[in-house]
Amino acid sequence: MKQRIHLIRASVISAIDCFYPQFQRIFDLQTFRYAACGGSNSLFDICLYFITYNYILQKSIVHLGDIAISPHIAAMMITFPITLFTGFVLMRYIVFPDAKTTSKRIQGGKYASVVFCCILLNYVFLKLFVDKFGWWPLPSKIITTFLVVLFSYFSQKHFTFRVASMVKN
């Protein structure tokens, strides 16, 4: 099983890195990998959101007992945990592999705090764009994703997956 995981990791890195030479003047390798993994995961999230909102929920309010959840928020609640997991795996093993020296428990706690902030940002932006501004849900989701990805990148790089600097003696 570990061999398969290492093979998949190597294949993903190889596929991403083959496009890097065209962008090396713009990005360092880590930022390029983040953009590739984050962009792919965001596209995956948007596609899942589209399918969930339009075909699974059929744009209908979700009733959970006395609670009514609007379809655009319910779609976010359904898709977010899936892409949260795929995003963490990509970030930990593809983008920030040097951070694997940090214990999974500590890193997991940090990642959970960033994710909690991302959930709140997703909720607030979707409510603002759809309910207050009257924008369509899909464009609202795309804009929300862009804003949350910016927050997530800086939080992950400087907080969750930060590599301790070597101290000179």
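Listed values, structure above:
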| item | result |
| --- | --- |
| Cβ pairs under 9 Å, 6+ apart, first in segment 132-145 and among the charged types (D, E, K, R), second assigned to a helix (DSSP H, G or I) and open to solvent by 80 Å² or more (accessible area, probe 1.4 Å) | Lys141/Phe50 |
| Of the criteria (1) outside any helix (DSSP H, G or I); (2) loosely packed, with under 13 Cβ neighbours inside 10 Å, which one Phe85 fails | (1) |
| Test: residue in segment 107-121 that is farther than 23 Å from Ile13 by Cα, over 16 Å from the mean Cα position of the chain (by Cα), surrounded by fewer than 19 Cβ atoms within 10 Å (Cβ to Cβ) and touching a residue at least 24 places away in the same chain (Cβ under 8 Å) | no |
| Residues satisfying the stated conditions in segment 14-70, i.e. assigned to a loop (DSSP other than H, G, I, E, B), among the aliphatic types (A, V, I, L, M) and open to solvent by 70 Å² or more (accessible area, probe 1.4 Å) | Ile26, Ile61 |
| Matching entry among Pro97, Pro81, Pro71 (being farther than 21 Å from Ile13 by Cα and free of Cβ contacts under 8 Å to residues at least 12 places away in the same chain) | Pro81 |
| Single residue of segment 146-169 satisfying the filter (open to solvent by less than 60 Å² (accessible area, probe 1.4 Å), modelled with pLDDT under 90 and among the β-branched types (Val, Ile, Thr)) that is nearest to the chain's Cα centre (by Cα) | Val149 |
| Residue match in segment 90-98 (condition: open to solvent by 40 Å² or more (accessible area, probe 1.4 Å), among the β-branched types (Val, Ile, Thr) and at pLDDT 90 or above) | no |
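The values are calculated or read from the model by the stated rules, or taken from the named source; none is laboratory data. Given the structure is predicted, the values throughout are model-derived calculations rather than measurements. No Cβ is skipped: glycine too gets one built from the backbone with ideal geometry, and neighbour counts run over all protein chains shown. What goes into the accessible areas is simple: the full protein's heavy atoms, side chains included, and nothing from ligands, DNA or RNA. Shrake-Rupley method; radii C 1.70, N 1.55, O 1.52, S 1.80 Å.
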